[in-house]
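To keep things clear, I will list the structure first and then write my remarks on it.
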Amino acid sequence: MVTLGDYLFVSGLLFTIGFAGVLLRRNIIIIFMSLELMLNAANLSLVAFSRFRTDSLGLPNYHAQVFVFFIITVAAAEVAVGLAVIVALYRARRTIHVEDISTLKY
Amino acid sequence: MSPVFFWLASALMLLFGAAVIMNRNPIASALSLVVSFLGLAALFMSLDAFFIGIIQVLVYAGAVMVLFLFIIMLLDLRAEERRKINLVAFAGGVAVAVIFFGQLCLVIGHLRQAKQSFPALPLNHPDDVRSVGLLLFGNYNLPFQIIAVLILVATIGVIVLSKRELR
């Protein structure tokens, strides 16, 4: 029997993979993909809770699924803008390695 | 939902998710991300969220990944050469991630509801596309319109950012 905890565990593991990717990788595009993984891990736990909390008719809580729909839409817009920023950065600096981009660091 | 299906989809999603951050080649990472998102869509469908699962495949595995691959090929990125990794920073990053996951497991372990399985749906329930659509165009009509404006703004922003001369 699959429990709510199993879904939360898998979602947490996916979030941790994305988190580790953001912390460990130095390629800005891979960091961006890791951010997408973390967003999707959050979506998975939202949908799991939506299925878990049924209303008086025994239906899942569809408000959470509408929320996930909004998150996916905003994430798609975010990817488009983020990748445009990365392209502009690459044009200006000829690198996508975050250690080479340190103007704001010191 | 059968446990075999659940664990298969989870393993697929997690293995290819790990492949995303371990590959040196950005194209291999992007393709692993597609498979990872397909596994996630399967998990959504195992939770009876068919609409979200289909949207996941269309938007993420379709549109977003095409964008990623397009940018990787536009910038002509090759597998990055190995650089000297900063061992202290690497160990610190791994430690933070492991501690985070340990805490998460602790919280899930203390959650009483986490040990319950999902309640069954009534036999002839309305399909979820109908229910989500009713909410989306009823309760959440204003946020829906605002999202449309947001996407328009994002599109204009991307065009401005992509101009050759930024002023």
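Among the conditions (1) facing chain B (nearest Cβ under 7 Å); (2) basic (Lys, Arg); (3) in contact with a strand residue (DSSP E or B) (Cβ under 8 Å, 6 or more places away or on another chain), residue A:26 misses just one, which is (1).
Among residues of the range B:116-136 being outside any loop (DSSP other than H, G, I, E, B) and out of contact with any helix residue (DSSP H, G or I) (no Cβ under 6 Å at 6 or more places or on another chain), the one that is modelled with the lowest pLDDT is B:117. For the residues A:42, A:20, A:75, A:80, the requirement of being at pLDDT 90 or above, farther than 18 Å from residue B:63 by Cα, surrounded by fewer than 21 Cβ atoms within 10 Å (Cβ to Cβ) and not β-branched (Val, Ile, Thr) singles out A:42. Within the range B:107-119, the set of residues being more than 7 Å from chain A (Cβ to nearest Cβ) and open to solvent by 90 Å² or more (accessible area, probe 1.4 Å) comprises B:107, B:110, B:112. Residues in the range B:120-136 that are touching a residue at least 12 places away in the same chain (Cβ under 8 Å) and open to solvent by 70 Å² or more (accessible area, probe 1.4 Å): 2 in all. Being modelled with pLDDT of 85 or more, open to solvent by 70 Å² or more (accessible area, probe 1.4 Å) and either part of a loop (DSSP other than H, G, I, E, B) or among the small types (Gly, Ala, Ser) (or both): is that true of residue B:139 here? For residue B:139, the condition - modelled with pLDDT of 85 or more, open to solvent by 70 Å² or more (accessible area, probe 1.4 Å) and either part of a loop (DSSP other than H, G, I, E, B) or among the small types (Gly, Ala, Ser) (or both) - is met. Using the structure shown, decide if residue B:72 is of a type in the set (A, V, I, L, M), open to solvent by less than 100 Å² (accessible area, probe 1.4 Å) and over 20 Å from residue A:32 (Cβ atoms). The answer is no for residue B:72.
Restricting B:101, B:51, B:37, B:68 to residues that are in contact (Cβ under 8 Å) with a residue 40 or more places away in the chain and under 22 Å from residue A:42 (Cα atoms) narrows the list to B:51.
Residues that are open to solvent by 40 Å² or more (accessible area, probe 1.4 Å) and either touching a strand residue (DSSP E or B) at 6+ places or on another chain (Cβ under 9 Å) or touching a residue at least 12 places away in the same chain (Cβ under 8 Å) (or both) within the range A:83-106 comprise A:89, A:98, A:99, A:101, listed in sequence order.
Considered as a group, the residues in the range A:53-72 that are at pLDDT below 90 and at the interface with chain B (Cβ under 8 Å from one of its Cβ atoms) include one that is surrounded by the most Cβ atoms within 10 Å (Cβ to Cβ), and that residue is A:60.
The values are calculated or read from the model by the stated rules, or taken from the named source; none is laboratory data. As the structure is a computational prediction, the values presented were derived from the model and not from experiment. Quick reminder, even Gly has a Cβ in these numbers, built from the backbone with ideal geometry, and neighbours come from all protein chains shown. All accessible areas refer to the heavy atoms of the entire protein, side chains included, with ligands and DNA or RNA removed. Shrake-Rupley method; radii C 1.70, N 1.55, O 1.52, S 1.80 Å.
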